[in-house]
1. Mind listing just one residue for me: the one in region A:161-184 that is touching a residue at least 60 places away in the same chain (Cβ under 8 Å) and more than 8 Å from every other protein chain (Cβ to nearest Cβ) and, of those, surrounded by the fewest Cβ atoms within 10 Å (Cβ to Cβ)?
2. Mind counting the residues in region B:1-30 that are over 36 Å from the mean Cα position of the chain (by Cα) and not in a helix (DSSP H, G or I)?
3. Since A:LEU136 meets every condition but one in (1) buried (at least 17 other Cβ atoms within 10 Å of the Cβ); (2) under 18 Å from A:ASP100 (Cα atoms); (3) over 27 Å from the mean Cα position of the chain (by Cα), which condition does it not meet?
4. Can you name every residue in region A:232-264 that is open to solvent by 50 Å² or more (accessible area, probe 1.4 Å) and either in a strand (DSSP E or B) or more than 7 Å from chain B (Cβ to nearest Cβ) (or both)?
5. Applying the selection to region A:440-459, what residues are part of a loop (DSSP other than H, G, I, E, B), of a type in the set (Gly, Ala, Ser) and open to solvent by less than 10 Å² (accessible area, probe 1.4 Å)?
6. Out of curiosity, is A:LEU201 without any contact (Cβ under 8 Å) to a residue 40 or more places away in the chain and either within 24 Å of the chain's Cα centre (by Cα) or more than 13 Å from every other protein chain (Cβ to nearest Cβ) (or both)?
7. Out of all the residues in region A:72-118, which are outside any helix (DSSP H, G or I) and free of Cβ contacts under 8 Å to residues at least 24 places away in the same chain?
8. Can you pull out every residue in region A:303-314 that is crowded, with 18+ Cβ neighbours inside 10 Å and under 28 Å from the mean Cα position of the chain (by Cα)?
Amino acid sequence: MAAPSGFGARAVKFLRARVRLLFDRAESLLGLAFPPAWNPLLNLGALGFFFFWIVTASGIYVYIFFDTGVTQAYDSVEYMTREQWYLAGVMRSFHRYGSDALVIVAALHLLREFGQDRYRGVRWFSWLTGIVVLVLVFVAGITGYWLVWDKLAQYVAVVTSEWLDALGIFGEPIARNFVAPGALDDRFFTLMLFVHIAVPLVALIVLWVHLQRIAKPRINPPRGLACGAFVSLLALSLAHPATSRPPADLASVPGEVGLDWFYLAAYPLLEILPAPLTWATALFLFALALSIPWLPPMRLARPPRVDLDNCNGCARCFADCPYDAITMVPRSDGAPFSAEARVDPGSCVRCGICAGACPTATPFRRASALSPGIDLPDLPIAALRDRVEAEGRRLSGRGRIMVFGCAEGVPLEGLASARVGVVRLNCAGQLPPAFVDYVLSRDLAEGVLVTGCAANACHARFGILWTEARFARTRDPQLRRRVPAERLRTLWAGRLGRRALEAEIASFARALEALPPPAPVRRAPGLPATREVERA
Amino acid sequence: MPELARWAGQLLFYGLAALLTGFFATRPVWQQFPKDRAQITIAFVHGGERKDACTKFAAEEIARLPPRARRPSDCGRERVPLRFELALDGRLLLARTVPPSGISRDGPSRLYEKLALPAGRYAITLRLADSGRAEGFDYERRFDIELRPLQNLAIDFQPDRGGFVIR
């Protein structure tokens, strides 16, 4: 999709490929233990929400006991940790470790989307809002450490305020509040508590915005994964409860601090390096993170085109679009239907799932040109049919298989052979189920194999889900009942699944050979010559 | 993979995730400041005197001014920079000229410095000039102190409390 040029673009492409490979391998490794639906790396966004709610709920409980006085703050946290360790102490640990888990999954989520190249083009919006959320999570976490008012809090307070003072925009240096006992006011804690509560609320609003261009966002992890994560947090909280360091004492220097490296990893650098350098680096990295969707910009294919002559406003494309890029609007051509589909190119990722959902995208159409109600101009359904027919004519012998594969799944290069035809799609969901029937009924192959991304890891979110549902005849457009189940297989193996695909093809070919030969082709007048005809 | 092995794998993952989260939530420990040293923090905000002396207007000059701008004297806004020195056992350790803040250089001067020293006994001398004088100082304070390891000695300047304040 992208057309990078120049050294920078090549470097980004190289980095992206490496990150993607790393995630592919990690997902594959976790796939050995987890069912696809429970794989933590395939639920990072949902896990982020899960930990956010855990942090919120535990935070509300901890807030009941928290006191905002200079000395009372520490004492109240100690009370929770020592006296009421069984509930408030566990809640405090949940709050601490849940925050750590939140920042881990949020960072991994960001990195994974980068590797998947799902941050550019129309997805810039989700990327930018995601970056803002991550920054807010950091701010909330850091202010949280401040509130305990132990040695670590003192360290965080001094380093943060010195760093902020370096901007020179505050009339009175904030760091002066932390130079000596008695310099700090109770109201300062009230202010910090306000920030600690207000920032996550703002983050929640930005998270809502973050999901605006995504249809049916998964904001809850599957129950099994949620249980695993919860029990894991509980076990950690009981085995290694979050505790405070000795109380803050501004008459002494903390000396040695046990940093939470998930939130405070930059603090030693802030302390050691000159403030102008750290500010310049921080601003540069922030600007880079915000501008990376345009470094380089993604060159997208043309968006889907709606052909009103073939659109009856059935809304299947609207229901299937994973990015809310299609809306149904009142009919504009006077045809006797209530609505027509309209595509928002700014939200569309060109996956083609809409074309796969269109009931008029059937390759059997011969009386008129094959022009579905909605179609990708750069990979139209008619071109797919041509490709299928060309591949079908090329195949010979028993055990012939037509492989439909998506561009983001198993690599298909070099797979074609005398018995294997290959047709590439943007997404498995772009394949109208009628194509399976067409291939088998026209004897273009003896079996159809649809492959793509790994299960639960569809690059276009719903391609696998909708394909399986259409084949299972639980979602329109449904696969015709006359298609024999033994002649259709799916394999969701991802980019590392080439070996699995080859094994599946070999096994499928053997199974097809064991089946009776296909029935003679029944052709309506006007159909082009099929392979059977050529054989005859 | 057998079902039991899959469950064991999940358990291993959750265990490792918890272990790593718990570990990096507090470790490795960061030695932020050497254990055998003490710190002196000089932090104060103080405005130097006006750079230019005020000019008193004669009665006829005041009369010539627009009614709303009539005042007995005219004072420049700009303040002089502060000169600060800290000497340890008679040896000059820190000397700073602190400019006034603000675009018109009419705001107070702000000084925030931290010094790390080996713990021990010291004779400290603090000096400050806020009048713009070229030589000498307007304020001076000498004192002896035993600095403990990791002690933070804060030095403030509050003219209404006589000058340097040790906290």
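The values are calculated or read from the model by the stated rules, or taken from the named source; none is laboratory data. Keep in mind it's a predicted model, so treat the numbers as computed, not measured. Virtual Cβ from ideal backbone geometry, glycine too; neighbours counted across all protein chains shown. Only protein heavy atoms, including side chains, enter the accessible area calculation; ligands, DNA and RNA are left aside. Shrake-Rupley method; radii C 1.70, N 1.55, O 1.52, S 1.80 Å.
1. Restricting to residues being touching a residue at least 60 places away in the same chain (Cβ under 8 Å) and more than 8 Å from every other protein chain (Cβ to nearest Cβ), the top hit is A:LEU167.
2. Restricting attention to region B:1-30, the residues satisfying the condition of being over 36 Å from the mean Cα position of the chain (by Cα) are B:1-22.
From the residues that got through so far, the ones that are not in a helix (DSSP H, G or I) too are B:1-2.
The total comes to 2.
3. Looking at each condition in turn, A:LEU136 falls short on (3).
4. A:LEU234, A:LEU238, A:ALA239, A:PRO241, A:THR243, A:PRO246, A:PRO247, A:ASP249, A:GLU256
5. Residues of region A:440-459 part of a loop (DSSP other than H, G, I, E, B): A:442-446, A:453-459.
In the following step, the residues that additionally are of a type in the set (Gly, Ala, Ser) were identified as A:445, A:454-455, A:457.
Answer for region A:440-459, where residues must be part of a loop (DSSP other than H, G, I, E, B), of a type in the set (Gly, Ala, Ser) and open to solvent by less than 10 Å² (accessible area, probe 1.4 Å): just A:ALA445.
6. Numbers: without any contact (Cβ under 8 Å) to a residue 40 or more places away in the chain: yes; either within 24 Å of the chain's Cα centre (by Cα) or more than 13 Å from every other protein chain (Cβ to nearest Cβ) (or both): yes.
So A:LEU201 passes the test.
7. Taking region A:72-118 as the starting set, the residues that turn out to be outside any helix (DSSP H, G or I) are A:84, A:116-118.
Within region A:72-118, just A:GLN84 meets the criteria.
8. Within region A:303-314, A:PRO303, A:PRO304, A:VAL306 meet the criteria.
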